[in-house]
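Student: After the structure tokens below, expect a handful of questions from me.
The values are calculated or read from the model by the stated rules, or taken from the named source; none is laboratory data. Predicted model only: the values in this text are computed from it and were never measured. Positions of Cβ are backbone-derived with ideal geometry, glycine not excepted, and every protein chain shown enters the neighbour counts. The area values use the complete protein model at the heavy-atom level, side chains included, leaving out ligands, DNA and RNA. Shrake-Rupley method; radii C 1.70, N 1.55, O 1.52, S 1.80 Å.
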Amino acid sequence: MPFNKINLFVIKFIKPIEMVGVLMRIFSFSMVSWMGSESPFFFIWAFNTADAIILSWCSILKKESAYILLNVFWILVGVVGMLRASAFSLLDVKITLVHFLAQTAILFN
């Protein structure tokens with residue numbers, strides 16, 4: 001299974017990978033704080049979602065349920081934020097969210 005090789009890599013380098021995720025989150029929130037409404041919101045949401053995926057993966061491998069919940073929540077927030085920054089309709093957001101949740105359920109079953 002391809003995830004086994006990736007998981008072994010992540011476990012081997014989990015501390016630096018987590019640090020990259022944390023630094024990404026600090027960068028994205030700092031950029032919004034500094035630039036305010038001039039922030040490139042789609043980029044910020046995409047970057048924030050990427051760090052949430054990294055940190056979720058690490059949390060899942062470490063079996064840290066509180067951080068799994070927190071970071072998976074940030075993935076969902078990031079997806080909605082990217083959709084809103086792209087000016088998708090509310091219906092598009094709902095369809096995409098349901099599809100994402102279905103794919104996540106399949107992944108964890």
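Student: From largest to smallest, what semi-axes in whole angstrom does the range 4-46 give when each is the square root of 5 times an eigenvalue of its alpha carbon gyration tensor? Let's see the in-between values first.
Tutor: Details: eigenvalues 175, 24, 3 Å².
After scaling each eigenvalue by five and taking roots: 30, 11, 4 Å.
Student: Here is a follow-up. With springs only between Cα atoms under 10 Å apart, run a GNM on the chain and tell me which of LEU61, LEU91, LEU83 wobbles the most.
Tutor: Highest fluctuation among the options: LEU91.
Student: Within the chain, which DSSP H helices have Cα atoms that stretch 18 Å or more along the helix axis and a mean Kyte-Doolittle hydropathy of at least -1.0?
Tutor: Values: long enough: 14-35 (31 Å, 1.18); 41-62 (31 Å, 1.35); 65-85 (29 Å, 1.79); 90-108 (27 Å, 1.58).
Passing helices, by number: 14-35, 41-62, 65-85, 90-108.
Student: State the Cα centre-to-centre distance between the range 1-42 and the range 68-107 in whole Å.
Tutor: Each part reduced to its Cα centre gives a spacing of 18 Å.
Student: Ordering VAL72, VAL10, VAL20 from largest to smallest accessible area (1.4 angstrom probe), what's the sequence? Numbers along the way, then the final one.
Tutor: Values: VAL72 45, VAL10 15, VAL20 75 Å².
Highest to lowest solvent-accessible surface, that is VAL20, VAL72, VAL10.
Student: Tally Lys/Arg at +1 and Asp/Glu at -1 over every other residue whose Cβ is under 12 Å from the Cβ of VAL10; what's the total? Before the final figure, lay out each step's value.
Tutor: On the way: positive: LYS5, LYS12, LYS15, LYS62; negative: GLU18.
Spelling it out: positives minus negatives among the neighbours equals +3.
Student: Can you work out the FRET efficiency for the pair ALA66 and SER37, with r the C-beta to C-beta distance and R0 = 25 Å, to the nearest 0.05? Walk me through the intermediate numbers first.
Tutor: Numbers: r = 33 Å, r/R0 = 1.30.
With R0 = 25 Å, the Cβ-Cβ based efficiency is 0.15.
Student: While we're here: Could you list the trypsin sites (Lys or Arg not before Pro) in the range 5-109 that lie in coil according to DSSP, counting only those with at most 11 other Cβ atoms within 10 Å of their Cβ? List each step's numbers first, then the result.
Tutor: On the way: sites: LYS5, LYS12, ARG25, LYS62, LYS63, ARG84, LYS94; in loops: LYS63.
In loop regions of the range 5-109 (DSSP not H, G, I, E or B), the sparsely surrounded trypsin sites (Lys or Arg not before Pro) are LYS63.
Student: Which entry in (i) 46; (ii) 32; (iii) 38 is this structure's computed percent of Cα pairs over 22 Å apart?
Tutor: Among (i) 46; (ii) 32; (iii) 38, the one calculated here is (iii).
Student: In the chain, what is the count of Lys pairs whose alpha carbons are under 18 Å apart, counting only pairs at least 8 residues apart or on separate chains? Mind showing how you got there, number by number?
Tutor: Values: LYS5/LYS15; LYS5/LYS62; LYS12/LYS62; LYS12/LYS63; LYS15/LYS62; LYS15/LYS63.
Number of lysine pairs found: 6.
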